[in-house]
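J.: Take a look at this one; I'll ask things after.
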Amino acid sequence: MQRKAQKRDQLYETLKAAISGGQYASGSRLPKEVEFAEKLGVSRKTLRHALERLENDHLIERIRSKGTFVRFRRYLVLADNNQDLCMPYNYIIPGIIRTAERMGTAVSICAFSAFENLTEQQVIDSITRQNAGCIVITNKIDENTRIYQQLKHLPLPVVLAHGHLEDHSFTGWPTVAYDEQAAWRAAFLHLKALGHRRVAAGCHRADLQEIRGWRRDAFLAMTAEIGLDPDPGLLFSMNVRGEDADPVIHRLFREQKPPTAIVCYSDFWAPYLYRSLEKMNLRIPDDVSVMGFCGAPVGRYLSPNLSTIDLQYEKTGELALRMLLDHSHPLLELVDFKLESRGSTRPVAR
């Protein structure tokens, strides 16, 4: 008897994973019961039991005289309200959409602001009526974040995309993240390998107390450890879009011993830094190398093309949806970052 139950459970889990993983596309009809049981190598009774459970999970629909169909599944993507093109969700969402198309499912995109005036129960009712799960994309989340408070009791799977390494520990949500410290360090290692020693580093925080996951003192210690000049004067701050580059470049190159390379907080800073460097008759990369960080498309269209650390945002979106569909994933998945060496960096002139 126990063996029969194990076989039923195993078949149920196998079919559930196949449906969630897109092996049986949304809206497709499953084979007739006799054929299906034979194909799976099980009895019709075992198959019937598994199908009943899948129907209870709303994964399939059995229609008399027509057959058994995979239900059309829709997933909700919730993103920050910020409309700025420099926000990561703009580049994560296409990865989700392309993966949904390949896996025979659909996604809806919605901003957090749509739920701002709703109670937790209203949010839960609204989402569960129309969706089979949810992906949350945000740069920052904690236990007091409103969207977390509204979703923490959602009876559907939730995946956090572009989270931090520790976020899953309090949300309980599977999280797609990248190792920010390691990725940022990789940019400086690349410049060190090209012979640079004085490398300026940018941050959007005016107090410069945290730089891409590194506390200020730890970051300076890291630069010294890999053989770079740990001069605090090489640290600089600009607004998140990098539009106030002129005074920064003037200070770095006219008020102190200049750097031979600059690392942007994000690729979106690069156009402004390029312009400011040009105003001062500094050539890229002959006089100064410029390194980006994030891998946004803008870097490929600059002249020279921007070297960068590509955080692979589209892959983040793809992995987030796959984690939502496949419950066997671990709570934390790290997306690999890639060094893209292009025309804006070169060995330092001797």
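The values are calculated or read from the model by the stated rules, or taken from the named source; none is laboratory data. Everything numeric in this text was worked out from a predicted model, so none of it was measured. As a convention, Cβ positions derive from the backbone with ideal geometry for all residues, glycine included, and neighbour counts pool all protein chains shown. Each accessible area value is taken on the protein alone, full model and side chains, heavy atoms only, with ligands, DNA and RNA left out. Shrake-Rupley method; radii C 1.70, N 1.55, O 1.52, S 1.80 Å.
J.: Per 0.36 nm of contour for each residue apart, how much would the distance between residue 240 and residue 14 grow if the chain were fully extended, relative to their Cα-Cα spacing? Don't skip to the end; give the middle numbers.
T.: Numbers: separation 226, 0.36 × 226 = 81.36 nm, distance 4.67 nm.
The span from residue 240 to residue 14 would gain 76.7 nm if fully extended.
J.: How high is the relative contact order of segment 83-154, in percent, with contacts defined as C-alpha pairs under 8 Å that are six or more residues apart?
T.: On the way: 25 pairs, mean separation 23.0, N = 72.
Rounded, it is 32 percent for segment 83-154.
J.: Next question. Helix-derived [θ] at 222 nm for the chain: sum -39500 (n - 2.57) over DSSP H runs of at least 4, divide by residue count, nearest 500? Numbers along the way, then the final one.
T.: Numbers: 12 runs with 132 residues, N = 350.
It comes out at -11500 deg cm²/dmol, rounded to the nearest 500.
J.: What length, rounded to one decimal in nm, is gained on full extension from residue 140 through to residue 35, with 0.36 nm per residue of separation minus their alpha-carbon distance?
T.: Details: separation 105, 0.36 × 105 = 37.80 nm, distance 5.02 nm.
Difference between extended and current length: 32.8 nm.
J.: Just to be sure I understand: if I project the alpha-carbon convex hull of segment 18-121 onto a plane and average over all orientations, what area do I get in nm²?
T.: Numbers: hull surface 36.0 nm².
If I average the Cα hull's projected area over directions, I get 9.0 nm².
J.: Further question: Kindly give Rg over Rh for segment 97-240, based on alpha-carbon atoms, with the Kirkwood expression for the hydrodynamic radius.
T.: On the way: Rg = 20.1 Å, Rh = 18.2 Å.
Expressed as Rg/Rh, it is 1.11.
J.: Could you calculate the contour length gain from residue 186 to residue 84, that is, 0.36 nm times the residue separation minus the distance between their Cα atoms, to one decimal place in nm? Present the calculation step by step, with values, prior to reporting the outcome.
T.: On the way: separation 102, 0.36 × 102 = 36.72 nm, distance 2.67 nm.
This chain segment gains 34.1 nm when fully extended.
J.: Just to confirm, what accessible area per residue do you get for segment 194-317 at 1.4 Å probe, in whole Å²? Display every interim value, and only then the final one.
T.: Values: 5070 Å² over 124 residues.
Counting only protein heavy atoms, the per-residue value for segment 194-317 is 41 Å².
J.: By average Cβ neighbour count within 10 Å, what is the ranking of 178-185, 232-239, 40-47, 114-121 from highest down?
T.: Numbers: 178-185: 18.4, 232-239: 16.4, 40-47: 14.9, 114-121: 12.2.
Highest to lowest by the protection proxy: 178-185, 232-239, 40-47, 114-121.
J.: In whole angstrom, note down how far apart the Cα centers of segment 199-241 and segment 291-350 are.
T.: 21 Å
J.: Rg(Cα) of the chain divided by 2.2 N^0.38 Å?
T.: Details: Rg = 25.3 Å, N = 350, 2.2 N^0.38 = 20.4 Å.
That ratio works out to 1.24.
J.: With a 1.4 Å probe and every protein chain kept in, tell me what percent of the accessible surface of the chain is carbon plus sulfur.
T.: Whole-percent figure for carbon plus sulfur exposure: 48.
J.: Which FRET efficiency value, to the nearest 0.05, do you get for residue 205 and residue 342 by plugging their Cβ-Cβ distance into 1/(1 + (r/R0)^6) with R0 = 41 Å?
T.: 0.90
J.: Ordering 250, 190, 329, 58 from largest to smallest accessible area (1.4 angstrom probe), what's the sequence? Show your work: numbers first, answer last.
T.: Details: 250 90, 190 25, 329 55, 58 120 Å².
So the residues, ranked largest to smallest area, are 58, 250, 329, 190.
J.: Can you tell me the accessible area per residue over segment 1-104, all protein chains present, probe 1.4 angstrom, in square angstrom? Working shown, then result.
T.: On the way: 6300 Å² over 104 residues.
Roughly 61 Å² per residue, with all protein chains present.
J.: Determine how large the accessible area of residue 113 is when every protein chain is in place; take a 1.4 Å probe and give Å² rounded to the nearest 10.
T.: Only protein atoms counted, so the area is about 60 Å².
J.: Return the percentage of antiparallel bridges among DSSP beta bridges fully within segment 203-341, rounded to the nearest 5 %.
T.: On the way: 5 of 11 bridges.
Among the beta bridges of segment 203-341, antiparallel pairing accounts for roughly 45 percent.
J.: Another question, if that's okay. Going by alpha carbons, how many degrees (0 to 90, nearest 10) lie between the helix axis of 313-325 and the longest principal axis of the chain?
T.: Helix 313-325 and the main axis of the chain meet at about 20 degrees.
J.: In the neighborhood of residue 106, defined by Cβ-to-Cβ distances under 9 Å, what is the net charge if each Lys or Arg adds +1 and each Asp or Glu adds -1? Each step should come with its number before you reach the end.
T.: Working: positive: 73, 74; negative: 101.
Result for the neighbourhood of residue 106: +1.
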